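Notes follow once the structure below has been shown.
The values are calculated or read from the model by the stated rules, or taken from the named source; none is laboratory data. Because the structure is a prediction, the values reported are computed rather than measured. Note that each Cβ is placed from the backbone with ideal geometry, even for glycine, and that neighbours are counted across all protein chains shown.
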Ligand code: C2E
Ligand code: CA
Ligand code: CA
Ligand code: CA
């Protein structure tokens, strides 16, 4: 019993430390967003199914904290979503990414947006203004939205999605496969691309059930005129299967990790 109590005390202390850490990050995030220059956008190359030709880049944000160093998005995006500051962060990332990608002729720029951002009534017009200001063509921009976000089918979110598509911006369904949207439902969603979650790509080569699942998704996507991108490809044997199944694009550490603008610029010009 005493040991149980001790564990409880340790758990309590741990919780307290976590909360403290969170409050500090929250304060720092607010001031960082006022200035904006602590946010670094990295770019991960997206390849055609040949595994050689770069067809696009995905913008992935990092927070360069003055004392704590580089902070991954999974640690601060949820905070920014709770405080509503995600809207400001989204603008900073989009502007930085459009300016960088202007130099990468013809490539598609993919930018992540959270459901909170897309539920804001001003989202589509913020995108339009940013495109105008940076002279980035709408046809080269793709906004990634998670499957679970789109499933909520919030009115404001749907209005934004339709407005973006009317402007020529494409919509990708991110982390596809883990949100359990029915295949019937998928047919009605206003999207242009499915990004198949790493979870389903991981088992390829070893597991025939994983392969069957992917074959079904890719076939359906094709019949609906949607493109597919496989996420998180780490092994060469996955590439063989994805190619055989008719997947369109590939993304993963095997082919290229997220990297700074100058490094991806070099990679693109050598491609
Ligand atoms: P995501 O959009 O699903 O992005 C893919 C994540 O998987 C990235 O992590 C990427 O670095 C990682 N990844 C790519 N290939 C591989 C691989 O082969 N193996 C493994 N293990 N991982 C791989 P990252 O950069 O830490 O981003 C995490 C999540 O944070 C993103 O997941 C996205 O949901 C969110 N995020 C990143 N940038 C932004 C942003 O600007 N706005 C919003 N709203 N969310 C963002
Ligand atoms: Ca994404
Ligand atoms: Ca994803
Ligand atoms: Ca993810």
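Exactly one residue among 59, 32, 3, 9 is in a helix (DSSP H, G or I) and at pLDDT 90 or above, and that residue is 32.
Would you check which residues across the range 136-160 are within 16 Å of ligand 2 (Cβ to nearest atom) and in a helix (DSSP H, G or I) and list them?
Step one: of the range 136-160, the residues within 16 Å of ligand 2 (Cβ to nearest atom) are 141-150.
Hits for the range 136-160 are 147, 148, 149, 150.
Would you check if residue 199 is exposed (fewer than 15 other Cβ atoms within 10 Å of the Cβ), within 21 Å of the chain's Cα centre (by Cα) and either modelled with pLDDT under 95 or within 23 Å of residue 106 (Cα to Cα) (or both)? Yes; evaluated as a whole, the condition is true for this residue. With respect to the conditions (1) touching a helix residue (DSSP H, G or I) at 6+ places or on another chain (Cβ under 6 Å); (2) in a helix (DSSP H, G or I), residue 247 falls short on a single one, namely (2).
In the range 55-64, the qualifying residues are those that are crowded, with 19+ Cβ neighbours inside 10 Å and free of Cβ contacts under 8 Å to residues at least 60 places away in the same chain, and the one that is farthest from residue 103 (Cα to Cα) is 63.
Assess whether residue 206 counts as being part of a loop (DSSP other than H, G, I, E, B), more than 16 Å from ligand 2 (Cβ to nearest atom) and free of Cβ contacts under 8 Å to residues at least 12 places away in the same chain.
Numbers: part of a loop (DSSP other than H, G, I, E, B): yes; more than 16 Å from ligand 2 (Cβ to nearest atom): yes; free of Cβ contacts under 8 Å to residues at least 12 places away in the same chain: yes.
Answer is yes for this residue.
Within the option set 204, 214, 255, 239, being surrounded by 15 or more Cβ atoms within 10 Å (Cβ to Cβ) and either on the phi > 0 side of the Ramachandran plot or away from ligand 1 (no atom under 13 Å from the Cβ) (or both) holds for one residue only, 214. Kindly indicate whether residue 256 is outside any helix (DSSP H, G or I) and within 16 Å of ligand 2 (Cβ to nearest atom). Yes. Evaluation of residue 67 against the conditions (1) part of a helix (DSSP H, G or I); (2) free of Cβ contacts under 8 Å to residues at least 40 places away in the same chain shows that the sole unmet condition is (1).
Taking the range 87-135 as the range and being under 14 Å from the mean Cα position of the chain (by Cα), buried (at least 20 other Cβ atoms within 10 Å of the Cβ) and part of a loop (DSSP other than H, G, I, E, B) as the test, only 113 passes.
Residue-by-condition table, conditions (1) under 21 Å from residue 255 (Cα atoms); (2) within 14 Å of ligand 3 (Cβ to nearest atom):
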{"site": "168", "(1), (2)": "no, no"}
{"site": "176", "(1), (2)": "yes, yes"}
{"site": "190", "(1), (2)": "no, no"}
{"site": "204", "(1), (2)": "yes, no"}
{"site": "212", "(1), (2)": "no, no"}
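State whether one or more residues within the range 91-98 are at pLDDT 95 or above and at positive phi. No, the range 91-98 contains no residue that is at pLDDT 95 or above and at positive phi.
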